[in-house]
């Protein structure tokens, strides 16, 4: 997954494994926990996504398409949960993050621009808090979270 390759060179099993892990895994977890949230009368589903550019990035099959499937699933879940006490939102970092998927040979100047994965912490904690009550079917970029939250607070006035 660290080396881009044309889709026709991706082994069928590798494509299936990534799709199963990301898309099917997201579905199975949500399918298991959402009924419990509905029974409890509240809950928050936060789906982690990626930039749209990454979803369609050349040479990144199956990673990008599996991310697109996860995001589409998240939007369907939000629609299905619209009239329930359970909210569903999407959270993405807002850029490449410093993870184990970053190739060791990445130039230092590019590596310096990677986001710290901890950037996801404040928005996900907020989304799981009572302060996020009523926030539903939003696509929130963690890098821009402070600005997003400020604009939301001004709008709610």
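The values are calculated or read from the model by the stated rules, or taken from the named source; none is laboratory data. Being a predicted model, the structure only gives us computed values, none of them experimental. For neighbour counting, all protein chains shown are included, and Cβ atoms are generated from backbone atoms with ideal geometry for every residue, glycine included.
The residues of region 46-86 that are in a strand (DSSP E or B), closer than 21 Å to residue 144 by Cα and out of contact with any helix residue (DSSP H, G or I) (no Cβ under 6 Å at 6 or more places or on another chain) amount to a single one, 48. Here 143, 75 are screened, and the one residue that is closer than 23 Å to residue 21 by Cβ and in contact (Cβ under 8 Å) with a residue 40 or more places away in the chain is 75. Do we find a residue being touching a residue at least 24 places away in the same chain (Cβ under 8 Å), in contact with a helix residue (DSSP H, G or I) (Cβ under 8 Å, 6 or more places away or on another chain) and either surrounded by 13 or more Cβ atoms within 10 Å (Cβ to Cβ) or part of a loop (DSSP other than H, G, I, E, B) (or both) anywhere in region 103-110? No, region 103-110 contains no residue that is touching a residue at least 24 places away in the same chain (Cβ under 8 Å), in contact with a helix residue (DSSP H, G or I) (Cβ under 8 Å, 6 or more places away or on another chain) and either surrounded by 13 or more Cβ atoms within 10 Å (Cβ to Cβ) or part of a loop (DSSP other than H, G, I, E, B) (or both).
Does region 21-51 hold any residues that are surrounded by 14 or more Cβ atoms within 10 Å (Cβ to Cβ) and free of Cβ contacts under 8 Å to residues at least 12 places away in the same chain, and which are they?
Step one: filter region 21-51 for residues surrounded by 14 or more Cβ atoms within 10 Å (Cβ to Cβ), giving 22-24, 26-27, 30, 34, 37-38, 43-51.
Across region 21-51, the qualifying residue is only 24.
Residue 81 satisfies every condition listed in (1) surrounded by fewer than 18 Cβ atoms within 10 Å (Cβ to Cβ); (2) touching a strand residue (DSSP E or B) at 6+ places or on another chain (Cβ under 6 Å) except (1). Candidates in region 57-72 are the residues that are in contact (Cβ under 8 Å) with a residue 24 or more places away in the chain and loosely packed, with under 14 Cβ neighbours inside 10 Å; of these, the one that is nearest to residue 3 (Cα to Cα) is 59. Taking residue 93, is it crowded, with 21+ Cβ neighbours inside 10 Å and closer than 21 Å to residue 20 by Cα? No; evaluated as a whole, the condition is false for this residue. Filtered by the rule that a residue be farther than 22 Å from residue 72 by Cα and assigned to a loop (DSSP other than H, G, I, E, B), region 111-157 gives 112, 113, 114, 116, 129, 133, 157.
Looking only at region 135-144, decide whether some residue is on the phi > 0 side of the Ramachandran plot and modelled with pLDDT of 90 or more. Looking through region 135-144, at least one residue is on the phi > 0 side of the Ramachandran plot and modelled with pLDDT of 90 or more.
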